[in-house]
2 protein chains.
Amino acid sequence: MAKRDNISMSVIRRLPRYYRFLDELLRSGIVRISSGELASRMGLTASQIRQDLNCFGGFGQQGYGYDVAKLFGEIKSILGVDEGYPAIMIGAGNLGRAVSIYISGSGKPRGFQLLAMFDKSPKLINTCYNGVPVLNIDDIEQFCRENSPKAVFLCIPSEGTKQLIDTLYDCGVRYFWNFSHFDIAMKYPDAVVENVHLSDSLMTLCYHITHTDTSETDS
Amino acid sequence: MAKRDNISMSVIRRLPRYYRFLDELLRSGIVRISSGELASRMGLTASQIRQDLNCFGGFGQQGYGYDVAKLFGEIKSILGVDEGYPAIMIGAGNLGRAVSIYISGSGKPRGFQLLAMFDKSPKLINTCYNGVPVLNIDDIEQFCRENSPKAVFLCIPSEGTKQLIDTLYDCGVRYFWNFSHFDIAMKYPDAVVENVHLSDSLMTLCYHITHTDTSETDS
């Protein structure tokens, strides 16, 4: 696999889409595809696809197009989806449980292996959810020192993240999948944070309804 | 509330952040704030904040700053968070249930009122989850005709969305909160879609671990 530095975030963010589309093509038994055909399925242009994939060394062959299985394998390896990086989940409530099932219960490799979930609720501590133990949040520091999780998934309110983030950072964690609203990157600029802001997304939808409806009434 | 047309998506996407930060300020008992102080808390610049809020008519007063409660109320009303738009959820699995709790179980207004959840699993049909009935997916068309949900939340795999989307669109639904990977906006460009792509976000995190770690090993 060829590697390049300075790949733009917009290219990186498109990689998972390539991965999904190629996975679907493979499942439909399609063995090769032109950049034009792939572009039309993905809602991109052929030249954008060629440019994107050139960042990683190309993979296409003129007049033949892309070998779907090979390209899928390359992108899978670029993403590191099979790596199984050790991770822990903070919060074993509804969202935490749903996300944990998503990561380890679907049978699809997601790049991570969930070692444990942590919660403060006595009802949840020392239970097991879908094969993953739920531990006491008070033991998180010791657990991190002993197990060196690569990533932490935060499915708790922002106040909880605020209280825990220094401990997690001090234990060496630099990768966060953050469902809380606490701005980790503002406090620790060297942390890599993927935020999932459910409420922002929902409120944006709400805004559109409010304003489309208003303008319909106005006219 | 002053209204302006042609407000850019980046301004609209910042509104929920203003809402959250102002909510927090209110809870901390802060009654007024300068654009500079708000900017520093939000990681923006004061001039960006003034520009953003000017899109909706200003709200600030020179030498005084912003009245927190008033600004919060204005942004709440711009977003329509109190409207309680009727909505339905497709998929009552782990993710659907977690999202339903998020919408109607937290006590916070989220802009929507969840009328029902739909699933195909006989184990779930005709149960009730957190006060929301789980109905048979086969009855969705009739339900939509009778209840005119404004928005549909899709917590199912992309294949399910592909099968249902025409029915939902034909029933008049134009607003979608889409956790599946089916590209609704490509098929129906006039639909308003907020996508939450959990796997893309997680794979992006995975990419960063894979590549940061690789470069560390290389050096």
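Every number in this text was worked out from the coordinates using simple rules, so none of it is lab data. On a predicted model such as this, the values are computed, not experimentally measured, just so you know. No Cβ is skipped: glycine too gets one built from the backbone with ideal geometry, and neighbour counts run over all protein chains shown.
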- Computed [θ] at 222 nm, helices only, for the protein assembly as shown once each DSSP H run of length n ≥ 4 contributes -39500 (n - 2.57): -15000 deg cm²/dmol
- How do B:Val132, A:Val99 line up, fewest other C-beta atoms within 10 Å first? B:Val132, A:Val99
- Using a Gaussian network for chain B with springs between C-alpha atoms less than 10 Å apart, which of these wobbles most: B:Leu22, B:Leu114, B:Leu202? B:Leu202
- Query: A:Lys123 to B:Ser34: FRET efficiency via 1/(1 + (r/R0)^6), r the Cβ-Cβ distance, R0 45 Å, to the nearest 0.05?
  - Reply: 0.50
- Task: Kindly give the distances from A:Ser77 to its copy-mates, label point to label point, with each label point 7 Å from Cα along Cα→Cβ, as nm values to one decimal ordered shortest first.
- Result: 6.0
- Query: Roughly how big is the protein assembly as shown's charge dipole about its Cα centre, with Cβ charges of +1 (Lys, Arg) and -1 (Asp, Glu), in debye to the nearest 20?
  - Reply: 100
- Query: For A:193-200, what's the mean count of beta carbons from other chains sitting within 10 Å of each residue's beta carbon?
  - Reply: 6
- Message: Full-extension gain between B:Asn54 and B:Ser158, please, as 0.36 nm times their residue separation minus the C-alpha to C-alpha distance.
- Response: 33.5 nm
- Message: Only Cα pairs within less than 10 Å get springs; with that Gaussian network setup on chain B, which residue of B:Met42, B:Met117, B:Met203 has the largest fluctuation?
- Response: B:Met203
- Exposure proxy order (Cβ contacts within 10 Å, fewest to most) of A:Glu83, A:Glu146: A:Glu146, A:Glu83
- Query: How crowded by other chains is B:107-118, given as the mean number of beta carbons from other chains within 10 Å of each beta carbon?
  - Reply: 2
- What cysteines in the protein assembly as shown have no other cysteine with a beta carbon less than 4.7 Å from their beta carbon? A:Cys55, A:Cys128, A:Cys155, A:Cys206, B:Cys55, B:Cys128, B:Cys155, B:Cys206
- Note on the structure: Of all DSSP beta bridges with both partners in chain A, the antiparallel percent, nearest 5, is 20
- Describe numerically, in nm with one decimal, the distance between label points set 7 Å from Cα along Cα→Cβ at A:Asp138 and at B:Thr167. 5.1
- Task: Could you calculate the FRET efficiency of A:Gln113 with A:Glu146 from 1/(1 + (r/R0)^6), where r is the beta carbon distance between them and R0 is 22 Å, rounded to 0.05?
- Result: 0.90
- Message: If I build a Gaussian network model for chain A, linking alpha-carbon pairs within less than 10 angstrom, which residue out of A:Ser180, A:Ser104, A:Ser28 has the largest mean-square fluctuation?
- Response: A:Ser28
- Note on the structure: Final fewest-first order of A:Cys55, B:Cys155, A:Cys128, A:Cys206 on the 10 Å Cβ neighbour count is A:Cys128, A:Cys55, B:Cys155, A:Cys206
